[in-house]
Amino acid sequence: MKKYLTVFIKSLKSELIYRWAALWGMVGAVLGFLIQIFLWQALLSTGVRNDTSFPDMLLYVLINSFMLQLTRTDVASIIENTMIDGAISMELLRPISYKGYMLAQTLGKNIYGSLTATVPLLLLSLFFLSGAAFPNVAHILLFTLSALLGIALMFEVTYLVGLTAFWLQRCWFIRFYLNGLRSIFGGTMVPLWFYPEFLITLSYWLPFRYMTFEPINIFLMKTPLEQAWIPILAALMWLVGLSIADNLIWRAATKKLAVNGG
Amino acid sequence: MSFIEVTGLCKDYRIAKQEKGITGAVKSLFHREYTVKEAVRNVSFSLEKGEVVGYIGPNGAGKSTTIKMLSGVLLPTSGVAKTGDIIPYENRKENAKRIGVVFGQRSQLYWDLPISDTFDLYESLYSVPRERFRQNCNFFTELLDMGDFLHQPVRQLSLGQKMKANIAIALLHDPEVLYLDEPTIGLDVTSKKVLRDALKNINTQRNTTIILTTHDMDDIEAVCQRLIMIDQGQKLFDGTLGDFRSKYNDGFTVKLEFDTVPPPWQENGEYELLEGDERHWLIKSKTEMTAKTAMIDLIGIYDPMNLYVQEERIEDIVRRAYAVDEVV
Ligand SMILES: Nc1ncnc2c1ncn2[C@@H]1O[C@H](COP(=O)(O)OP(=O)(O)O)[C@@H](O)[C@H]1O
Ligand SMILES: [Mg+2]
C-alpha cells in the first residue's frame, strides 16, 4: 500500500512544479465556469424548468466542474504513448501492479487538478450561493461514496481502452469514441434531465451516467436517500465487471506485448 | 542447477507489412500480412551466481530482446529462461524485486523532479529496510559522484548524469542480478572508468551476477570474465575472454613509427596495412609467422624509427568476428 501512496504523492508533486500551468488552468476553469453559467441562464429563461433557482444552478455548475476534474483521466493516452516509444518496458520492471501504479498516478494528478480548478470558483461564487439547497450529512456521505465509485469507474473504462494499445499500438480513435459516449450518456455537457425518454433509458444500461451524473444528483438531493442505493449498486456492479475484464485483458496483453525500440 | 538457466530461448516478432499509398493503408485495415522476425533463435546458456558476462553482438543481434525476456518484460515464443527458481515472465513482480535493470536508451527517472524523488519512489517500491536503503543511497551517490546534481530536476541533467542516476537506481535494492543494456552510452571516459570500477566493486563485494551488453570492448575487458556473442539471434561464442582471443585472434599487429616520410607501402601477401598516416603504420601479418620474423622483415624493408608489437585489441577481434559471421 505504501508504494501506491508514494506514487500518488510524487505524481502530485510533479504537478506542483508547473505553477504557471496551474494558474492558466485556473483562468481556464473560471472561463468555463462563466460559459456554463451563461448557458444555464439562457436555458432557465426559456422557462423549461422554473423549479431551479440561480443559487441552485450555481451549485450544480460548481459540483459538476469538481466532478469533471476528479474523473479526468488520461491513462489511455499515457498507455498509448508508452507503447509508441517503448517505455512500457520500464514500467514493467517495477515490482508493482501496473494498474495500481496508473491509478495512483491519475489520482495524484486529479486531486491537484480539481482543487486548483474548484477552489477559485468556489471563492468566486461564495456570495451568490446563499439560498442554495445544500446537502445534509447523509447525502454528503452517500455522495462521497458515489463519487469515489465514479472516479474508479471512469478509471477502469479508460484503462481498458488504453490496454487495446497493446494490440493496436494506437488507441486515440477509441478514446475519441469514449469521450463522445461519455458526453452523451454521462450527461457531462447537458444534464440527462433534458434528454428524450429513450436516451435516458439507454443511459441506465451504460456505465457513463454513474461517473459524475449520479453522484451529482445525490449531492443536489435530487436522488432521495432511500433510492440512492440504486445508482451506487449499479456503479459497484459495473466496477466489478470491468475489473474482471481488465484483469483478463491485462493477462492477454502482457502475453501479446512486443516492446518497440531498442 | 545454475543460477540463471536459459534453454532454447526463441523470440519471434510479427511485423505487419506496410503497403504503400492510401490504397495500401485501406487494404491493411481489412487484411494484414505479417512477416516474422526471429530476433532470438534457440539461445541457451547458464550462469553461476556472481559471474560477470559480456553479452555482445552487432546491432539488431537480439541482445536487448534477450535481456527483456530475462527481466520478465517479454514472453518468449518458445524456450525457457529461469533466474534463481523463478521464471521471470511468469512472475514479473517477484522477479523484479531481485533484479536491477538499466536500459541505456531509456530512463526510469521522474522527468520533472530531482533524482532524490525517484530514490524515494524506489525505496517504497522495494521492501528494503530503511537503514540499508539510506546506506546504499549514500554509497552510490558517492561512488558515481552524483552529489552535485542530486537535487536538480532531471530534465536539466545531461545524458551522462541521467545514466549514472539510472544505474544507481538499479542498484539501490541490492539486486541479486544486474542486467545492463548499453549502460555506457553517453558517458565520458572518466565516468566510464568510474562505472567499470563500480561494477567490479559490486561484483566482488556483493557477489552480484551481472550481464552486460555493450559496444565498447573496453567495458568488456575491464569487467567481464566471460563473453557470449550472438548474431542474428543465434549464439556464436560462449567462453572466457582468453578463449575468445584464441578462437578469433589470428595474430598480432605491428606498429611502425617513422621520423621522416616513410617509403611507399608495398602490397604483398604477407602483411596488411590496417591504418596509416604520415608517421605511423599499423600492420598485421596475414600468414602465421612469429613476431620475431615479422620484426626483422619489416625493419629490413621500411627501416622505421620505432617498432612495437601489440596483441590484437579485442575491439578488432570482435569487428573481424562480426565480419566473418556476416559472410557465412
Ligand atoms: N517490437 C519489435 N517489433 C519487431 N521487430 C523488433 C522489435 N523489437 C526488436 N525487433 C527486431 O529484433 C531484432 C533484435 O532486436 P534487439 O534485441 O533490439 O537487438 P540488439 O539489442 O542486439 O541491437 C532486430 O532485428 C530488431 O529489428
Ligand atoms: Mg539493443
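FYI, it's all coordinate maths here, none of it is from the lab. All values reported here derive from a predicted model rather than from experimental measurement. Virtual Cβ from ideal backbone geometry, glycine too; neighbours counted across all protein chains shown.
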For chain B, whose charge dipole is built from +1 on Lys and Arg Cβ atoms and -1 on Asp and Glu Cβ atoms, the candidate among B:129, B:205, B:228 with its Cα farthest towards the positive end is B:129
Taking alpha-carbon centroids only, segment B:216-265 lies from segment A:54-110 a number of Å equal to 52 Å
With the dipole of the protein assembly as shown defined by +1 on each Lys or Arg Cβ and -1 on each Asp or Glu Cβ, the option from A:71, B:317, A:185 whose Cα lies farthest towards the positive pole is A:185
With Cα springs under 10 Å, the Gaussian network model of chain B assigns the largest mean-square fluctuation among B:294, B:25, B:96 to B:25
Averaged over the residues of B:74-83, the number of partner chain Cβ atoms within 10 Å of each residue's own Cβ comes to 1
With +1 on the Cβ of every Lys and Arg and -1 on the Cβ of every Asp and Glu, the dipole magnitude of segment A:2-255 about its Cα centre, in debye rounded to the nearest 20, is 720 debye
Ratio for chain A, C-alpha Rg to 2.2 N^0.38 Å, reads 1.07
Surpassing 27 Å at the alpha-carbon level, of the pairs B:63/B:192; B:97/B:164; A:13/A:222, are A:13/A:222
Label model pair residue A:199, residue B:268: point-to-point distance (7 angstrom along the Cα→beta-carbon line) in nm is 9.4 nm
Taking a crude spin-label model, label points 7 Å out from Cα along the C-beta direction, the residue B:215 to residue A:181 distance in nm is 4.6 nm
Averaged over residues of B:119-127, the number of beta carbons from other chains lying within 10 Å of each residue's Cβ is 5
Listed residues A:35, A:151, A:184; largest mean-square fluctuation, Gaussian network over chain A with Cα springs below 10 Å, found at A:35
Sparse-neighbourhood loop hits (GluC sites (Glu not before Pro), segment B:214-274; DSSP loop; Cβ within 10 Å at most 10 others) -> B:267
Any chymotrypsin sites (Phe, Trp or Tyr not before Pro) in segment B:235-328 that lie in a DSSP loop and have at most 10 other Cβ atoms within 10 Å would be none
Mean per-residue count of partner chain Cβ within 10 Å for B:86-99 equals 2
Magnitude of the Cβ-charge dipole (Lys and Arg +1, Asp and Glu -1) of the protein assembly as shown about the Cα centre, nearest 20 debye, reported as 2340 debye
Given a Förster distance of 35 Å, the FRET efficiency implied by the Cβ-Cβ spacing of residue A:136 and residue A:172, rounded to the nearest 0.05, works out to 0.20
Taking Cα pairs closer than 8 Å and at least 6 residues apart, the relative contact order of chain A in percent is 27 percent
GluC sites (Glu not before Pro) in segment A:79-176 lying in a DSSP loop, each with at most 16 other Cβ atoms within 10 Å of its Cβ, come to none
Rounded to the nearest 10 degrees, the helix A:172-185 long axis (Cα) sits at an angle to the longest Cα principal axis of chain A of 20 degrees
In terms of the charge dipole of the protein assembly as shown, which places +1 on Lys and Arg and -1 on Asp and Glu at the beta carbon, the residue among A:162, B:107, A:30 farthest towards the positive end is A:30
With label points set 7 Å from each Cα along the Cα-to-Cβ direction at residue B:38 and residue B:148, the distance between them in nm comes to 5.0 nm
